[in-house]
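I have placed the structure first, in the form of structure tokens, so that the comments after it can refer back to it.
The values are calculated or read from the model by the stated rules, or taken from the named source; none is laboratory data. From a predicted model like this one, the values you see are computed outputs, not experimental measurements. Positions of Cβ are backbone-derived with ideal geometry, glycine not excepted, and every protein chain shown enters the neighbour counts. Each accessible area value is taken on the protein alone, full model and side chains, heavy atoms only, with ligands, DNA and RNA left out. Shrake-Rupley method; radii C 1.70, N 1.55, O 1.52, S 1.80 Å.
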Amino acid sequence: MAAAPPIAVSHPRRITGVLLLVGRAALGAILIFAAYAKLHFNGAWHLRDYNFIFAIGIDSYQMLPLWAVSWLALVLPWTELALGLLLIAGIGLRWVASITTALLVVFMIALARAAILGLAINCGCFGEGSTNPARELILDSVLLLVALAVTVGAFSSHRARRLPA
Amino acid sequence: MNRSWIRVASLAVAAALIVPSLTGQAKLTVAELTAAKSIGSRQAPITLEVFSDYQCPDCKRLHSATTQQVIDNYVSSGKVYLVHRDFPLSMHPYSRQAARWLNAAAAAGLFQSTENALYAKQEEWGATGNIEQALASVLPAADMRKVRVMESSQRAQLDAAVQADVNLGNSRNVSGTPSIFVTHRGQMTPLPAGSVSYTLLKQYLDYLLQR
């Protein structure tokens, strides 16, 4: 009796897999860069005092009490770094992608709130080229879509692996 | 011969009397005006440079919520040298004039009281552009006279000082106000632009002072 032909991976599934891999890598790289930018600025590493500077930036959103601002300033860069590395390595994808998505959702809510309230994040009266909540919102929407896709992809592939052969 | 010498001597005396009144007082330098806008000891371990625009609401917020506490708790004890830098933004039509008046007041030794007055009356002169009237309603008459004299007699120097601060800000990529630069042990660190909470700034200053 002839052997059954191997089950070929469909072309669309392969493309989806590649896209998700690219999305995961891009998201991971962006998170790592975000962490780097918070720890290294003004031409030097600020591993001992980054949290003081970052806290001032977080506080401009006027959302959190100062104790929360200080705590978040301390942990967020390292969280971003860890998430970025895990995304690229593909470790614990369902958890990592979900946490990343949740973080981006929270950040987008903060940006949207700032845009609605007309808060000038990090700015009193900015000139040209200034940080604009509305513009940041659009950029982060794209990131959130990628994160959502990676999350869905992570859960789908986990489910597919668990299906009996 | 004697008449010629008398004529020459008379001309010399007249020149000696007239020329000083024509040239007026010595022209102020940018460095002198910067020093006049600074508070505290230059030997302080930390220098805080604040680029601000007097028509900027966040600058007013910084001034009222943070700057005065920094002056009371750090500048007065010699821990911080506070330097004001003018950075009038193009979106504020009267901020450059306000900066000129502030520099005039600083030259007259009235920097702090005038800065307080400018921020206190920000909405008023910001709507009308009548900075002189707004200051006159707050400052004592004698002080206002001094400021007026400086503003009219040193206008070019005052504008040059404001522009020097703007040029410095541009060289440091300042794009908005307030923008604060903290210098400690030769290292300058820009803080995120915008009004800074005194509590958070205090934490950072205390950390730097411990190093």
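Things worth noting here:
- Hz values of 3J(HN,Hα) by residue in region A:12-26 - Karplus curve (6.51, -1.76, 1.60), Gly and Pro given as x: x, 5, 5, 4, 4, x, 5, 4, 5, 5, 5, x, 4, 5, 5
- Couplings 3J(HN,Hα) for region B:48-60, derived from phi with the Karplus relation 6.51 cos²θ - 1.76 cosθ + 1.60 (θ = phi - 60°), are 10, 9, 10, 8, 9, 10, 5, 9, 8, x, 5, 5, 5 Hz, where x marks Gly and Pro.
- Nonlocal amide H pairs with B:Tyr81, under 5 Å, H built at 1.01 Å: B:Ile46, B:Thr47, B:Leu48
- Between A:Ile91, A:Tyr61, B:Thr34, the Cα set farthest toward the positive side of the dipole of the protein assembly as shown (charges on each charged residue's Cβ, about the Cα centre) is that of A:Ile91.
- Segment A:Leu19-A:Phe155, length gained on full extension (0.36 nm per residue, minus Cα span): 47.4 nm
- Pairwise burial B:A, computed as accessible area of each alone minus the pair, summed, 1.4 Å, Å²: 1900
- Evaluated with a Cβ-only charge set (Lys, Arg +1; Asp, Glu -1), the protein assembly as shown carries a dipole of roughly 740 debye about its Cα centre, given to the nearest 20.
- Between the amide H of B:Ala108 and any residue lying 5 or more places away or on another chain, no distance stays under 5 Å, with hydrogens modeled in the peptide plane.
- Antiparallel DSSP beta bridges within the protein assembly as shown, percent to nearest 5: 70
- Only aspartates and glutamates eight or more places from B:Lys79 in sequence, or on another chain, were considered; those with a Cα closer than 17 Å are B:Glu49, B:Asp206.
- Of the solvent-accessible surface of region B:89-211, computed with a 1.4 Å probe and all protein chains present, 49% belongs to carbon and sulfur.
- Note on exposure: A:Lys38, B:Lys79 ranked by accessible area (1.4 Å probe, complete protein assembly) read B:Lys79, A:Lys38, with the most exposed listed first.
- Cross-link partners of B:Lys60 among lysines (Cα-Cα below 23 Å; sequence separation of 8 or more within a chain): B:Lys37, B:Lys121, B:Lys202
- Helical segments meeting 27 Å axial Cα length and Kyte-Doolittle -0.5 threshold in chain B (DSSP H): B:2-23
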